[in-house]
Structures are given as C-alpha cells and as structure tokens.
Amino acid sequence: MQVARWGNSLAVRLPAELVRELGLKEGDQIDLVKDEGTLRVQRQPRADEVLHRLRRFRGTLPAAERLSRDAAHER
C-alpha cells in the first residue's frame, strides 16, 4: 500500500480484499492498532450493531444485582 497526501493529512488506500474481509462500507470508522510491530485494522461497530447488542443485553441482569442510582453516586 502506498501512503499519499490528502489535503493536510496522509492517507492509505485499503485493498479491496481487505475491505470485503472486514465488511467495510463508506462512512465506517476504523481503528489502526499497533500490535507487536505490526499494524492491525479494526472496524468500529456501527450504530445499528451497538443498538442491537444493547437490546440483547436488556433484561439480562438478575434482579438481585440491579444497579441503584443512589449507589452509583455514593462516595
């Protein structure tokens, strides 16, 4: 891959194979993570994926372990 100037920034074009493998779409956010001398590309979850995970989580906390607003604000 080649690093190129894009305005005042530098940009890298991702190969089509990697884009397909990560399921990237225009507008997606990615993280570049340095990992033991290599660079990893990770797609951040999309808003609809985050909402889906939150909906799946809803109601899974046992009643005895419910969080209290008062307890959260105790010092």
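Think of a 1.4 Å ball rolled over the protein heavy atoms: the chain then has 100 Å² of accessible area per residue. Think of each Lys and Arg Cβ as +1 and each Asp and Glu Cβ as -1; about the Cα centre, that makes the dipole of the chain roughly 200 debye. Close amide-amide hydrogen proximity is noted between I30 and Q44, each under 5 Å apart and 5 or more residues distant or on a separate chain (H modeled in the peptide plane; Pro and chain starts excluded).
Under the combined filter of DSSP loop state and at most 16 neighbouring Cβ atoms within 10 Å, the chain retains these GluC sites (Glu not before Pro): E26, E36, E74. Per the Debye calculation on segment 12-66 with a single equal scatterer at every Cα and no solvent contribution, log₁₀ I(q)/I(0) for q = 0.27, 0.29 Å⁻¹ amounts to -1.11, -1.18. Summing +1 for each Lys or Arg and -1 for each Asp or Glu among the other residues whose beta-carbon sits under 10 angstrom from that of R40 gives -2.
Surface composition of the chain: carbon plus sulfur atoms contribute 50% of the solvent-accessible area (1.4 Å probe, protein chains only, all chains present).
The values are calculated or read from the model by the stated rules, or taken from the named source; none is laboratory data. It should be emphasised that the depicted structure is a prediction, and the values quoted were computed from it without experimental measurement. So basically every Cβ, Gly included, is an ideal-geometry build from the backbone, and we count neighbours across all protein chains shown. Ligands, DNA and RNA are stripped out before the accessible areas are found, and what is left, the full protein with its side chains, is counted by its heavy atoms. Shrake-Rupley method; radii C 1.70, N 1.55, O 1.52, S 1.80 Å.
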